[in-house]
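The values are calculated or read from the model by the stated rules, or taken from the named source; none is laboratory data. Here the structure is a predicted model, which means the values were calculated and not measured. Cβ sites come from the backbone with ideal geometry, for glycine too, and all protein chains shown count toward neighbours. All accessible areas refer to the heavy atoms of the entire protein, side chains included, with ligands and DNA or RNA removed. Shrake-Rupley method; radii C 1.70, N 1.55, O 1.52, S 1.80 Å.
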Amino acid sequence: MDLNLAADIAGRTPFYLYDFAAVRHRVAELRAALPDGVLLHYAIKANPMPALVQRLAPLVDGLDVASHGELLTALGTAVDREQISFAGPGKRDPELAAAIAAGVVVNVESGDELARLRRIETAVGRSARFALRVNPDFQLSGSGMTMGGGATQFGIDAEAVGEVLRGPGRRGLCGLHIFAGSQNLRLDALTTGVSQTFELADRLVREHRLDLAHVNIGGGLGIPYFPRDEALDLAAYGRHLAVEVERWRRRHPDTAVVLELGRYLVGEAGVFVSRVVERKHSRGETFLVVDGGMHHHLAASGNFGQVVRRNYPVSAVTAKPADERETVTVVGPLCTPLDTLGRRVELPRCEVGDLVVVHQSGAYGPTASPVHFLGHPAPVEVLL
Ligand SMILES: *Cc1c(COP(=O)(O)O)cnc(C)c1O
């Protein structure tokens, strides 16, 4: 897409542009690589734009939500309610009531939450369907963000599952949810994680004699953000998964396998576009001051849990053909040095009014950013 045309469509800068053809292509690639029958869920929090979720819904088998707001977005799609699951620590009573009333699967994160679910079931007058989110007894290496293993607020410790089930009972239990980490680009770590996840699920099913409709093995497939990142070998991941799924099916023919992915479906399909407001020189360095910043795109500024700040891929669209390239630092309009979108990046020479483009921006964008900080307008989101 011509980004000048996109800017006209957006009406103002900064804006996010999501290319749905790229999302569709990614889902098709996944379907081709994954073993038949594995259910593909979309974790809405990666990009909850309602129009995007609407268009993605018919291409996936289910949706995973993490709040009441996301639940309402998911309920607005045609996805089967039994394929909508609600995860996350600290679910409030009204959220649990909404999930039960809507007939979606609650991924229970603790014994206390299960006890509350039982009470609310009675109040709502409907049986809950739930899965146990299990905090695995292994840790996944290579994850940009670890979500399990060790002590964590997520899920029920694997060794405590028996105790939790002894309490209020297992009526309505339909699945297990084991999510070990996200943003993983290491094939060896991911495949080891898949094997350990199936092994744990198998152990729990046997030990506690569980009768499950599904086991959700998480996902965590990463996308390359930085120059030295190598894209995941999806075919090799798929081959490994096929072996494990085959073994699982021999032992548990009635328990479906679910893979839940967020950024892998949408992250590479989006760009964040802002306009140069000023060229500024300071002590031998050139700064491009643009109208978008960390308040619109926290992750690209390196402040979304990153340990080391590295530049997202950045490019430019100049009004006049620019033969000359230069090294610049791209900064937003906030009064903090944290508001940096690209440090010492090489770009074609940009003038005031030209567009600076941050790539790999389709996931964890506006809704993962402090949009109210300093009171600037929120970014526009365009889905084409
Ligand atoms: C955030 C989250 C995801 C999605 O993570 P990605 O890295 O975007 O794939 C999946 N499952 C759960 C439980 C999550 O909290």
Single residue of the range 344-361 satisfying the filter (buried (at least 16 other Cβ atoms within 10 Å of the Cβ) and in contact with a Lys or Arg (Cβ under 8 Å, 6 or more places away or on another chain)) that is farthest from TYR42 (Cα to Cα):
ARG349
Within the group ALA201, ALA131, ALA189, which residue is in contact (Cβ under 8 Å) with a residue 24 or more places away in the chain, within 16 Å of the ligand (Cβ to nearest atom) and in a strand (DSSP E or B)?
ALA131
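Here's the yes/no breakdown for (1) open to solvent by less than 30 Å² (accessible area, probe 1.4 Å); (2) of a type in the set (Gly, Ala, Ser); (3) in the same structural domain as LEU52 (by TED's automatic domain parsing); (4) without any contact (Cβ under 8 Å) to a residue 60 or more places away in the chain:
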{"position": "GLU230", "(1), (2), (3), (4)": "no, no, yes, yes"}
{"position": "VAL257", "(1), (2), (3), (4)": "yes, no, yes, no"}
{"position": "SER274", "(1), (2), (3), (4)": "yes, yes, no, no"}
{"position": "GLU278", "(1), (2), (3), (4)": "no, no, no, no"}
{"position": "LEU288", "(1), (2), (3), (4)": "yes, no, no, no"}
Within the range 99-149, can you find the residues that are within 21 Å of LEU261 (Cβ to Cβ), polar (S, T, N, Q), out of contact with any Phe, Trp or Tyr (no Cβ under 8 Å at 6 or more places or on another chain) and surrounded by 17 or more Cβ atoms within 10 Å (Cβ to Cβ)?
SER143, THR146
What's the number of the only condition in (1) within 16 Å of the ligand (Cβ to nearest atom); (2) without any contact (Cβ under 8 Å) to a residue 12 or more places away in the chain that LEU298 fails to meet?
(2)
Quickly run through the range 10-48 and pick out the residues that are closer than 14 Å to PHE272 by Cα and among the aliphatic types (A, V, I, L, M).
ALA10, LEU17
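Say whether the condition of being within 16 Å of the ligand (Cβ to nearest atom), touching a residue at least 12 places away in the same chain (Cβ under 8 Å) and of a type outside the set (Val, Ile, Thr) is met by at least one residue in the range 168-175. Let's see the steps before the verdict.
Filtering the range 168-175 for residues within 16 Å of the ligand (Cβ to nearest atom) gives 175.
Narrowing the set further to residues that are touching a residue at least 12 places away in the same chain (Cβ under 8 Å) leaves 175.
If we keep only those that are of a type outside the set (Val, Ile, Thr) as well, we get 175.
For the range 168-175, residues within 16 Å of the ligand (Cβ to nearest atom), touching a residue at least 12 places away in the same chain (Cβ under 8 Å) and of a type outside the set (Val, Ile, Thr): present.
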Residues ILE217, ILE223: which one is surrounded by 19 or more Cβ atoms within 10 Å (Cβ to Cβ), assigned to a loop (DSSP other than H, G, I, E, B) and within 16 Å of the ligand (Cβ to nearest atom)?
ILE223
